[in-house]
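*Asks:* Take a look at the following structure, please.
The values are calculated or read from the model by the stated rules, or taken from the named source; none is laboratory data. Fair warning: this is a prediction, and the values are worked out from it, not measured in the lab. Cβ placement follows ideal geometry from the backbone for every residue including glycine, while neighbour counts extend to all protein chains displayed. Only protein heavy atoms, including side chains, enter the accessible area calculation; ligands, DNA and RNA are left aside. Shrake-Rupley method; radii C 1.70, N 1.55, O 1.52, S 1.80 Å.
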Amino acid sequence: MLLKGDTDTSVLDRLQRSAFDYFVDFANPRTGLIADTSLPGAPSSIAATGFGLSCYPIGVERSWISRTQAAERTVTLLRFLAESNQSRDKDATGYKGLYYHFLDMETGKRTWRCELSLIDSALLLAGVLTAAAYFAEENPVENEIRSLAAMLYARANWAWALDEADALSLGWKPRSGFLPYRWEGYSEAIILYVLALASPSYPVPAESYKAFTGKFDWMMAGEQPYLYAGPLFIHLFSHGWIDFRGICDEAIAEKDSDYFENTRRAIAVQREYAIKNPGGFTGYGPDLWGLTACDGPERSRKLLDGRRQQFAGYAARGAPFGPDDGTVAPWASLACIAFEPRLAMSAVRHILCTYPNVLTDGRFLGSFNPSIRGETEEGWLNDRSVGLDQGILVMMIENSRSGLIWELMRHTPVIRRGLKRAGFSGGWL
């Protein structure tokens, strides 16, 4: 909720701190792994763990955690990853230097028969590299962080994951092999390709990135072209680490744009869609938008206006082509603050005033649907906070405020090398 006299700064302080605390409250002290969600018994998400590694430096700079505490949390996790089972065993932590999507919080073993995930491994290793860039002091713990980070990144076998094709596979399972899908077309996978291209041990060729961009889907946002991707998170995740302002690859340069500007256009599409509200959902408007991948209601339900709506639980909701069932991620508009600060703050103030119960322990729950009758204005309300949501929120607020993560990554040789191999040039490169 908003407090009397709240300034934009005080709102950001409170929400960013609460989101950061997720990575303190839901980390296993022995393994360092971060829980996927706040639900009791949730497994670790390796992507959320990568976000956590990236958030610890922010916590130090904001005086929410001491440098010593953050370094100890980081080295605990990196030691665990370094020593974990990397094999074809169905219960291993990973294989070929890559990691299963979900791991048991206590043992680090694969859970839910999940896939060895390329994108989630990339998000984890992006966090590993962030830690190495930040913890640069000459002392035993920070020296060990940098050494372990270099080893973990170097052993990731991205080339194996091409599986004799141009584009990277989405993932692999120990019994059935590679998944029948590839990272082709605009998505959150730019960070994946940057890391894979830059590998000192198992790099993918430049043709791999061209296979990715060769399937881009362009559409118009008003009179401007933009890369279409419905869920908002796709337009945010790689930006958590990479400052795309003024740097261009061949695909985006042809449209006289860059990926930062592309996200601004995607935000405009989301807001325009919410204002038009073709589905007639409750609450949609210029200050309630943020359609993205999230949990939602299940089964068919009656809406406030009497219509019956079919729900499918978790879905990659998006605009303008859907799917859309009135379910909104309350954190998503604020995560856009680095791109559209005025619009993001207007949206978060509206949400906190109108739907205060989207916060639990001061942090955003994953989603809500005000079109469904409920005990409060929020209607249907998710019962969990999600590590990925909290991580991108902490990082994008900080990039907006100080540019900390962007600055660290601009000076990281891996990121610079990967971007250049992908054909990026201009700006800070």
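*Asks:* Which ones in segment 333-372 are open to solvent by 30 Å² or more (accessible area, probe 1.4 Å), touching a residue at least 24 places away in the same chain (Cβ under 8 Å) and in a helix (DSSP H, G or I)?
*Replies:* Selection gives Pro341, Ser346, Arg349, His350, Cys353, Thr354, Pro356, Asn357.
*Asks:* Those residues that are hydroxyl-bearing (Ser, Thr, Tyr), in a helix (DSSP H, G or I) and out of contact with any strand residue (DSSP E or B) (no Cβ under 7 Å at 6 or more places or on another chain), I need them from segment 26-77; list them, please.
*Replies:* Once the filter is applied, which keeps residues that are hydroxyl-bearing (Ser, Thr, Tyr), in a helix (DSSP H, G or I) and out of contact with any strand residue (DSSP E or B) (no Cβ under 7 Å at 6 or more places or on another chain), segment 26-77 yields Ser54, Tyr56, Thr68, Thr74, Thr76.
*Asks:* Can you confirm whether Leu39 is surrounded by fewer than 17 Cβ atoms within 10 Å (Cβ to Cβ) and under 23 Å from the mean Cα position of the chain (by Cα)?
*Replies:* yes
*Asks:* While we're looking at this one, here's another question. Please work out which residue is farthest from Arg17 (Cα to Cα), limiting yourself to segment 378-401 and to residues that are of a type in the set (Asp, Glu) and surrounded by 24 or more Cβ atoms within 10 Å (Cβ to Cβ).
*Replies:* Asp389
*Asks:* With respect to Ile267, determine if the residue is within 18 Å of the chain's Cα centre (by Cα), assigned to a loop (DSSP other than H, G, I, E, B) and of a type in the set (Val, Ile, Thr).
*Replies:* No: the conditions fail for Ile267.
*Asks:* Determine if segment 276-287 includes at least one residue that is in contact with a strand residue (DSSP E or B) (Cβ under 8 Å, 6 or more places away or on another chain), open to solvent by 20 Å² or more (accessible area, probe 1.4 Å) and outside any loop (DSSP other than H, G, I, E, B).
*Replies:* So far as segment 276-287 goes, no, none of its residues is in contact with a strand residue (DSSP E or B) (Cβ under 8 Å, 6 or more places away or on another chain), open to solvent by 20 Å² or more (accessible area, probe 1.4 Å) and outside any loop (DSSP other than H, G, I, E, B).
*Asks:* Looking only at segment 160-213, count every residue that is in a helix (DSSP H, G or I), under 18 Å from Gly94 (Cα atoms) and open to solvent by less than 40 Å² (accessible area, probe 1.4 Å) and tell me the total.
*Replies:* 5
*Asks:* Find the residue count for segment 7-50, including only residues that are out of contact with any helix residue (DSSP H, G or I) (no Cβ under 8 Å at 6 or more places or on another chain) and of a type in the set (D, E, K, R).
*Replies:* 5
*Asks:* Run Gly52 past the list (1) under 15 Å from the mean Cα position of the chain (by Cα); (2) surrounded by fewer than 20 Cβ atoms within 10 Å (Cβ to Cβ) and report the number of the one that doesn't hold.
*Replies:* (2)
*Asks:* Yes or no: segment 304-320 includes at least one residue that is in contact with a Lys or Arg (Cβ under 8 Å, 6 or more places away or on another chain), open to solvent by 10 Å² or more (accessible area, probe 1.4 Å) and farther than 28 Å from Asp217 by Cβ.
*Replies:* There is at least one residue in segment 304-320 that is in contact with a Lys or Arg (Cβ under 8 Å, 6 or more places away or on another chain), open to solvent by 10 Å² or more (accessible area, probe 1.4 Å) and farther than 28 Å from Asp217 by Cβ.
*Asks:* Next question. In segment 389-403, is there at least one residue being of a type in the set (S, T, N, Q), part of a loop (DSSP other than H, G, I, E, B) and in contact with a Lys or Arg (Cβ under 8 Å, 6 or more places away or on another chain)?
*Replies:* Looking for residues that are of a type in the set (S, T, N, Q), part of a loop (DSSP other than H, G, I, E, B) and in contact with a Lys or Arg (Cβ under 8 Å, 6 or more places away or on another chain), one finds none in segment 389-403, hence no.
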